[in-house]
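Right, one structure below, let's go through it.
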Amino acid sequence: MSDKRILTVQDISCVGQCSLTVALPILSAAGLETAILPSAVLSTHTGGFTGFTFRDLTEDIPGIIAHWQAEGIRFNAVYTGYLGSAKQIALVRQMFEVLRSDESFVSIVDPAMADGGKLYTGFDAAFVREMKTLTAAADIILPNITEACLLTGTEYREEYDEAFINDLLSLLKAGGAQTIILTGVGFTPDTTGIAVSEGDTLRYYQHRRISKGSHGTGDVYASAFVGAYLRGRSAYDAAAIAADYTVKCIENTVSDPDHWYGVKFEQMLPYYIERLK
Ligand code: PXL
């Protein structure tokens, strides 16, 4: 296995099984040396908890980038998730340029900002506008349907057909997106899955839909995708491995009503590691 070093930029939600507390263990399980850059520190995630603390770390980022540049630190991939401010997005775009390894580099953006037709608490139209510039600059993006609608100015719909998905993908491509992993796409009530768009090729990976909208599953999915992709799987195969792993995590959690805030992804890591062999 060739050694790859990845940087992931997303928040630390101290409690809640999302963002960095999910990405770091999953990427490590994939065998990747993983550096982290926390975009913000929250006491919990914002989905269902109230009264959480939020410290934006945007002001720390220029100094961190400058230090890494002085040390000659470079990465084979930068993978971004939930970001702390619109201003931070411009800094992340700069990171794609100044922290890329000359040997290999891929930029992967999960525009984590919305779900179920709604922006997450704290984000606004200015954040969406800035996020558009990041998805245009990235090699691979992983929006859900709500995020794809926001990025393309499309009205969100609960029910849709393949023509709607094709239009969303065309608009994303027209906006500069390259490889698109569109998540949460299902055409029957009992199925969901992924649309993988690369150049002129579009393939679907469909699977059983277990429950609607489990917290943190977008981060589990994106991290598992990034791990598999950087371990040399094609975008489609990585999308499928990540989907199967995420389903296992949800199956492992649904019977526990107290565990509403995230999924028990840790117990399923052996399955993920096995799939990467
Ligand atoms: O899972 C996405 C996510 C990440 N980070 C924070 C969140 C959310 C979703 O609500 O609130 C802080």
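Only bridges with both residues in the chain count here: give the DSSP antiparallel percent, nearest 5.
Among the beta bridges of the chain, antiparallel pairing accounts for roughly 45 percent.
Please identify which residues in region 177-201 have an amide N closer than 17 Å to a label point set 7 Å out from the Cα of Ala136, following the Cα→Cβ vector.
Zone members listed by number: 177-179.
How do the peptides 263-274, 173-184 rank, highest first, by the average count of neighbouring beta carbon atoms within 10 Å per residue?
Packing order, densest peptide first, comes out as 173-184, 263-274.
Rounded to the nearest whole Å², what accessible area per residue is found for region 5-265 with the 1.4 Å probe?
Value returned for region 5-265: 42 Å² of accessible area per residue.
What helices does the chain have that are whole DSSP H segments, at least 27 Å long along their own axis by Cα, and with mean Kyte-Doolittle hydropathy of 1.0 or more?
Counting only whole DSSP H runs, no helix qualifies.
On a full-extension model of 0.36 nm per residue, what is the gain between Trp260 and Ser211, subtracting their alpha-carbon distance, rounded to one decimal in nm?
Working it through step by step, the gained length comes to 16.5 nm.
Can you give the local net charge around Tyr272? Use residues other than it whose beta-carbon is closer than 15 angstrom to its beta-carbon, Lys and Arg +1, Asp and Glu -1.
Neighbour charge sum, excluding Tyr272 itself: 0.
Using the Cα centre of the chain as the reference point, and only Cβ charges (+1 on K/R, -1 on D/E), how large is the resulting charge dipole? Debye, rounded to the nearest 20.
240
How would His67, His207 line up by accessible area, probe 1.4 Å, largest first?
His67, His207
For the chain, please report how many Lys pairs fall under 17 Å Cα to Cα, leaving out neighbours fewer than 8 apart on the same chain.
8
Say the dipole of the chain comes from +1 at the beta carbon of Lys and Arg and -1 at that of Asp and Glu; which of Met131, Tyr160, Leu24 then lies farthest toward its positive end?
Leu24
Is the shape of region 142-277 best called rounded, prolate or oblate, per the rule: a/c under 1.5 gives rounded, else a/b larger than b/c gives prolate, else oblate, with a ≥ b ≥ c the square roots of the Cα gyration tensor eigenvalues?
Note, shape of region 142-277 comes out oblate.
Mind jotting down a quarter of the surface of the convex hull over the alpha carbons of the chain, in square nanometres, one decimal?
Over all viewing directions, the chain projects a mean Cα-hull area of 13.6 nm².
Distance in nm between label sites at Glu155 and Ser234, each 7 Å beyond Cα in the beta-carbon direction?
Here the answer is 3.8 nm between the modelled labels.
To the nearest 0.05, how large is the calculated FRET efficiency for Leu119 and Asn166 if R₀ is 30 Å and r is the Cβ-Cβ distance?
With R0 = 30 Å, the Cβ-Cβ based efficiency is 0.75.
Express the carbon and sulfur contribution to the solvent-accessible surface of region 38-190 as a percent, rounded to the nearest whole number, probe 1.4 angstrom.
49
With every protein chain left in place, what is the accessible area of Phe187 in Å² (1.4 Å probe, nearest 10)?
80
For a quick protection proxy, order the peptides 156-162, 142-148 by their average other-Cβ count within 10 Å, most packed first.
142-148, 156-162
Tally Lys/Arg at +1 and Asp/Glu at -1 over every other residue whose Cβ is under 12 Å from the Cβ of Ile241; what's the total?
Here the charged neighbours net out to +2.
In nm, to one decimal, how far is the modelled label at Thr53 from the one at Asp190, with both set 7 Å along Cα→Cβ?
Result for the modelled spin labels: 4.8 nm.
Find how much the distance from Asp200 to Asp102 grows on full extension, using 0.36 nm per residue of separation minus their present alpha carbon separation; answer in nm with one decimal.
Working it through step by step, the gained length comes to 32.5 nm.
For Trp68, Trp260, write out the residues from largest to smallest accessible area, computed with a 1.4 angstrom probe and no ligands counted.
Reading off the accessible areas and sorting them downward yields Trp260, Trp68.
The values are calculated or read from the model by the stated rules, or taken from the named source; none is laboratory data. Everything quoted here is computed from the prediction, not taken from an experiment. So basically every Cβ, Gly included, is an ideal-geometry build from the backbone, and we count neighbours across all protein chains shown. Each accessible area value is taken on the protein alone, full model and side chains, heavy atoms only, with ligands, DNA and RNA left out. Shrake-Rupley method; radii C 1.70, N 1.55, O 1.52, S 1.80 Å.
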